[in-house]
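What follows draws every value from the coordinates through simple rules; no lab data is involved. Model, not experiment: these values are computed from the prediction. Here the Cβ is made from the backbone with ideal geometry for all residues, glycine too, and neighbour counts use every protein chain on show.
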Amino acid sequence: MNVSGIFPALTTPFELDGSVSLSGMKHNIGLYNRTGLAGYVVLGSTGESVLLSREEADLLLATVKESAAPGKILIAGTGAESTAETIARTKRAAALGYQVALVKTPYYYKPAYRAEHFIQHYRAVADASPIPVLLYSVPVFTGITLESPEIIALAQHPNITGIKDSSGSIQRIGEVVAGAPHDFQVLTGGAAVVYPALAVGGRGAILALADLLPEKCVELFQLFQQGRHEQARQLQLQLVGASKLVVSENGIAGLKFAMDLRGYKGGVPRPPLLPLKEEKKNAIAALLAELYPAAARV
C-alpha cells in the first residue's frame with residue numbers, strides 16, 4: 001500500500017452538548033476532498049481518540065469512509081494498550097473499509113517496556129491484521145520513542161508498511177530509510193520538518209497542520225517532488241511559524257480555533273481539555289491574517 005503524500009490527522013468536531021458532530025466531520029471532509037490530500041487519518045492523537053468511546057470511534061470511521069472522495073487512502077488509528085485489543089480494533093477498521101492501521105506504542109507500563117515488548121507487540125498485530133500496519137511513534141504523548149534498530153527490525157515484516165515518526169528527529173528518519181527495506185515508508189508527523197524529512201528519503205507526512213492549511217502542506221510536498229527546492233524551503237519556513245503557534249504552543253484547542261477561522265468545523269476540544277483562552281485567539285487570528293491572507297477562509 002502506497003502511503004506517500006500528505007495526510008491530515010483529522011480533528012474530531014463536537015456539538016455544543018459535547019456529542020460527536022458527524023455533520024461537522026462530513027463538512028470538513030467535503031472541503032478536504034477538493035484538495036490534493038492523499039487521504040485521511042481518523043482516530044489519531046489530533047482526533048482526541050483517547051477521549052472517545054468505542055461507539056463514537058466506529059461512527060467517525062463510518063462517516064469518513066462514506067464522505068471521502070474516491071481514491072483517498074483511509075488510515076485508522078487502532079492502537080490500544082493491549083495487543084489483543086489492538087488486533088480487535090484493527091480488524092474492525094478493516095471491516096469498515098479502512099486500508100491501513102496506524103498503531104501507536106503501548107505506554108501505560110512504560111517502566112517495564114523494552115524493545116522486545118514492542119517488537120513482539122507489533123509483530124503479533126501485523127500477523128493478525130487484514131490490512132497493512134503503520135507503526136506510530138509519538139513520544140510527546142506516550143513518553144516512548146521507537147528507536148532506529150527496533151523500527152528497522154520491524155520493517156522486515158511483510159505486513160508492516162511504514163512508520164509515522166512524530167519525534168521530529170531527522171537523524172532517525174535517515175537511519176531508518178538507510179537501514180530498512182526500500183519499500184518501507186517513513187512519514188513524519190511534524191509540519192516543521194517536512195522538507196528535511198523528504199530530503200533524507202521520507203515519503204510524506206501525517207500532519208495536524210494539514211487540517212488547517214491542507215493546500216500549503218500539499219504544495220510543499222509537490223514542490224519537493226518537482227525539484228523546486230528553494231521554493232519548497234521557503235514554504236517550509238512559513239509553515240514552521242504556523243505550526244509553532246497554532247499546534248505546538250496551543251495544541252488541539254488552538255488548531256480547532258484556527259480551523260473555525262478558515263471555515264472548517266473546529267469547535268472546542270472535549271474535557272478535560274479546555275477551550276483556547278481569548279488572548280491566544282488574537283495571536284492566532286493575527287498570524288493567519290498576516291502570513292496567509294488568501295487562506296483566511298476556504
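Looking at GLY174, ILE119, MET259, which one has the Cα that reaches farthest to the positive end of the dipole of the chain (charges on Cβ: Lys, Arg +1; Asp, Glu -1)? Checked the options; the winner is MET259. Placing +1 at every Lys and Arg Cβ and -1 at every Asp and Glu Cβ, with all other atoms neutral, what dipole size does the chain have around its Cα centre, in debye to the nearest 20? In debye, rounded to 20, the chain gives about 300.
The ranking of SER243, SER166 from fewest to most other beta carbons within 10 Å of each one's beta carbon is SER243, SER166. Report summary: the helix-based calculation at 222 nm, which adds -39500 (n - 2.57) for every DSSP H run with n ≥ 4 and divides by the residues of the chain, gives -13500 deg cm²/dmol. Listed from fewest to most Cβ neighbours within 10 Å, the set ARG114, ARG89 follows the order ARG114, ARG89.
Please find, in a Gaussian network model of the chain (springs between Cα atoms separated by less than 10 Å), the residue of LYS244, LYS26, LYS65 whose mean-square fluctuation is greatest. Top of the fluctuation ranking is LYS244. Straight-line reach from LYS280: taking Cα to Cα under 16 Å and skipping same-chain neighbours fewer than 8 places apart, the aspartates and glutamates in range are GLU249, ASP260, GLU290. Using bins of 10 Å that start at zero, the share of Cα-Cα pairs per bin across segment 5-228 amounts to 8, 35, 38, 17, 2, in whole %. Taking a virtual spin label 7 Å from the Cα of GLU85 along the C-beta vector, which residues in segment 123-141 bring their backbone nitrogen under 14 Å of it? Counting only backbone N, you get no residues. Taking the number of Cβ atoms within 10 Å of each Cβ as an exposure proxy, the fewest-first ranking of PHE141, PHE224 is PHE141, PHE224.
Ignoring lysines fewer than eight residues from LYS26 along the same chain, the ones with Cα atoms less than 18 angstrom from its Cα are LYS65, LYS72, LYS256, LYS265. In a Gaussian network model over the chain where Cα atoms closer than 10 Å are linked, find which of THR142, THR11, THR188 has the largest mean-square fluctuation. Per the Cα network of the chain with a 10 Å cutoff, THR142 tops the list.
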